[in-house]
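Undergrad: One structure is given below, represented as structure tokens, and several questions about it will come after.
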Amino acid sequence: MGQQIRLEVVTPSGAKVDEDVDIVNAPGFGGDFGVLANHAPFLSTIRIGTLTYENGNKRESLMVSGGFCEVSNNKITFLVESAEAGTDIDVDRAMKAKERAEKRLNQSAQQTEELNRRRAEIALQRAVARLKVAKSL
Amino acid sequence: MASLKEVKTKISGVKKTAQITKAMNMVAAAKLRGAQDKMEAFRPYTSKFNDAMSNLSGGANTNAFPLMEIREVKTVELVIVTSDRGLCGSFNANIVKLAFKKMEEYEAEGKKVSFVCVGKKGYQLLRKTGKVRKSYTETMGSFQMFNAREIATDITEQFLNGTTDKVETLYGRFISVARQVPATAPFLPVQPVEQEEGTEEKKASGDYIYEPSTEEIMDVLQPLYLNVLIYHAMLEVGACEHAARMTAMDNATSACKDIVKNLTVVYNKARQAAVTNELMDIVGGAEALK
């Protein structure tokens, strides 16, 4: 095993993850990125998506929603509004949310109400990310 | 002197009140623990957020971001965070008192003041000023980040379209279970976060790679930061409310006990007087028969 980097995932309801890992893959605003040990100081915003990290043979996924991440002193800290592990995710609910969001998107394609559209898009992104994490179990 | 029966009913009434206040005290104690846990859990998030903000805004030009723009202040908005329910001593009244003081100060300087009320109690007390722009009631019971976001987004819009030039939050700061003080904090324009002491090593590694650019990160972070501020105020007020209610109910329970004690003395006196009267009647009757 090579060098490791400390991963911290902090949400408003407390720290979710705090452990040493080999690699972190995160959904950055401008595209996904991976971080290994001893990365240069780095700051990026995070979009809704899946955060994966590997520790030895263990591979874990988390669904994260908007926030940002900071890398410094061989430590990577995610500050996100929510982080959910696959086991915490209610697949049925996510499925329903996805359908609902899709339906609303189709409707508002005609009405083109900016705010509703954006909300539905965000809801859809969240639902898709949740399903992805739940499936990767 | 009150009749025996009257005193007796009163005693049992006060005893029932004591039972209720005692139960409320215990409920508040249980809820306080929950609220405190929530606050503890949130602390690492805020402190990390502050670190990142100070790293970012260290070299930032304050007028480059619309949310940091310092304008000549003509209108001030005060965000009053109080609890939804009463019966928690003077906690809400203290916050509102501070709100009135602030309002008078600003108005003396010729500025226009408007209120945004989070929590029903503040709204009820400030409604008659006619300056409440918006109120969020029934949210303090169980709120989440998205409630805070809704509030922050609305306030931010007002600031961005120039309706308000300055926003401050007023809330109760939780110092200990026995002490909660009303406090104010600046909200908008966003203040550059001061570097805390003992962050020398942070400064050394201040050369971050930013993705996307600093500006874009700030554009995303600032609204988030405002959500955090509101959420934080709501959490503090939640904890304060339960702590204040605990103390208030504790006082009420001991006051009830005092009243029961006094009333029992009155009751015993009345009973004794009645017994003495009856005895005198009997003795008088016996004498008459001789």
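The numbers here are math on the coordinates, done by the rules we state, and not lab data. Keep in mind that what you see is a predicted model, and the values were worked out from it rather than measured. Cβ sites come from the backbone with ideal geometry, for glycine too, and all protein chains shown count toward neighbours.
Undergrad: What distance in nm separates the simple spin-label points at B:Lys134 and B:Val266, each placed 7 Å from Cα in the Cβ direction?
TA: About 5.2 nm separates the two model spin labels.
Undergrad: List the chymotrypsin sites (Phe, Trp or Tyr not before Pro) within segment A:18-120 that fall in a DSSP loop (any state other than H, G, I, E or B) and whose Cβ has at most 14 other Cβ atoms within 10 Å. Before the final figure, lay out the partial values.
TA: Numbers: sites: A:Phe29, A:Phe33, A:Phe42, A:Tyr53, A:Phe68, A:Phe78; in loops: A:Phe29.
For chymotrypsin sites (Phe, Trp or Tyr not before Pro) across segment A:18-120 that sit outside H, G, I, E and B with at most 14 neighbouring Cβ atoms in 10 Å, the list is empty.
Undergrad: Let me ask you something else. Once you have the Cα-Cα distance between A:Val91 and A:Leu105, take 0.36 nm times their residue separation minus that, and quote the gain in nm to one decimal.
TA: 3.0 nm
Undergrad: So what's the angle, to the nearest 10 degrees on a 0 to 90 scale, between helix A:91-111 and the longest Cα principal axis of chain A?
TA: The two axes meet at around 50 degrees.
Undergrad: For the charge dipole of the protein assembly as shown, defined by +1 on Lys and Arg C-beta atoms and -1 on Asp and Glu C-beta atoms about the Cα centroid, which residue among B:Val265, A:Val133, B:Ala239 has the Cα displaced farthest towards the positive pole?
TA: Farthest along the dipole direction, towards plus: B:Val265.
Undergrad: Of all DSSP beta bridges in the protein assembly as shown, what percent run antiparallel (nearest 5)?
TA: If I count the DSSP bridges inside the protein assembly as shown, around 65 percent turn out antiparallel.
Undergrad: Kindly express, to the nearest 10 degrees and within the range 0 to 90, the angle between helix A:114-135's C-alpha long axis and the longest C-alpha principal axis of chain A.
TA: 50
Undergrad: Considering the options B:Val275, B:Val27, B:Ser90, tell which one lies farthest towards the positive end of the dipole of chain B, charges being +1 on Lys and Arg and -1 on Asp and Glu at the Cβ, about the Cα centre.
TA: Among B:Val275, B:Val27, B:Ser90, the one farthest towards the positive end of the dipole of chain B is B:Val275.
Undergrad: If you don't mind, there's one more thing I want to ask. Among the DSSP beta bridges whose two residues both lie in chain A, what percent are antiparallel, rounded to the nearest 5?
TA: The answer is about 90 percent antiparallel.
Undergrad: Also, I was wondering about something else. Taking square-rooted eigenvalues a ≥ b ≥ c of the alpha carbon gyration tensor, is segment A:89-135 rounded, prolate or oblate, where a/c under 1.5 means rounded and, failing that, a/b exceeding b/c means prolate?
TA: Working: a/c = 3.53, a/b = 2.41, b/c = 1.47.
The shape class here is prolate.
Undergrad: Enter the angle in degrees (range 0 to 90, nearest 10) between the Cα long axis of helix B:214-289 and the first principal axis of the Cα atoms of chain B, meaning the one along which they spread out most.
TA: The angle comes out near 10 degrees.
Undergrad: I'd like the mean, over residues of A:29-38, of how many other protein chain beta carbons sit within 10 Å of each residue's own Cβ.
TA: What the average comes to for A:29-38 is 1.
Undergrad: Where the centroid of each part is defined by its Cα atoms, how far is segment B:206-228 from segment B:103-131 in Å?
TA: Distance between centres, Cα-based: 33 Å.
Undergrad: Working out 0.36 nm times the residue gap between B:Gln144 and B:Ile175, then minus their Cα-Cα distance, what length gain in nm do you get to one decimal? Could the numbers behind the result be given before it?
TA: Values: separation 31, 0.36 × 31 = 11.16 nm, distance 2.24 nm.
My answer for the length gained is 8.9 nm.
Undergrad: Just report the Cα centroid separation between segment A:68-88 and segment A:40-63, whole Å.
TA: 7
Undergrad: What is the local net charge at A:Asp20, summed over the other residues whose Cβ is closer than 14 Å to its Cβ (Lys, Arg +1; Asp, Glu -1)?
TA: Value of the local net charge: -3.
Undergrad: Determine the dipole magnitude for segment A:5-86: charges of +1 sit on the beta-carbon of Lys and Arg, -1 on that of Asp and Glu, nothing else is charged, the reference point is the Cα centre, and the result goes in debye to the nearest 20. The partial results should precede the final answer.
TA: Numbers: 6 positive and 11 negative charges, 20 e Å.
With only Lys, Arg, Asp and Glu charged at Cβ, the dipole is about 100 debye.
Undergrad: Evaluate the distance, in nm, between pseudo-label points positioned 7 Å from the Cα of B:Lys5 and of B:Ala29 along their respective Cα→Cβ axes.
TA: Those two pseudo-labels are separated by 3.9 nm.
Undergrad: Further, regarding this structure: Given A:Leu43, A:Val91, A:Ala15, which one lies farthest toward the positive end of the charge dipole of chain A, if we put +1 on the Cβ of every Lys and Arg and -1 on the Cβ of every Asp and Glu?
TA: Going by the Cα projections, it comes out as A:Val91.
Undergrad: With a ≥ b ≥ c taken as the square roots of the eigenvalues of the C-alpha gyration tensor of segment A:5-86, please select rounded if a/c is under 1.5 and otherwise prolate if a/b is larger than b/c or oblate if it is not?
TA: rounded
Undergrad: If you count, for every residue in A:63-74, the Cβ atoms of partner chains within 10 Å of its Cβ, what is the mean? Could you put the intermediate results ahead of the total?
TA: Numbers: counts 0, 0, 1, 2, 5, 8, 2, 7, 2, 8, 3, 0.
Per-residue shielding by partner chains comes out at 3.
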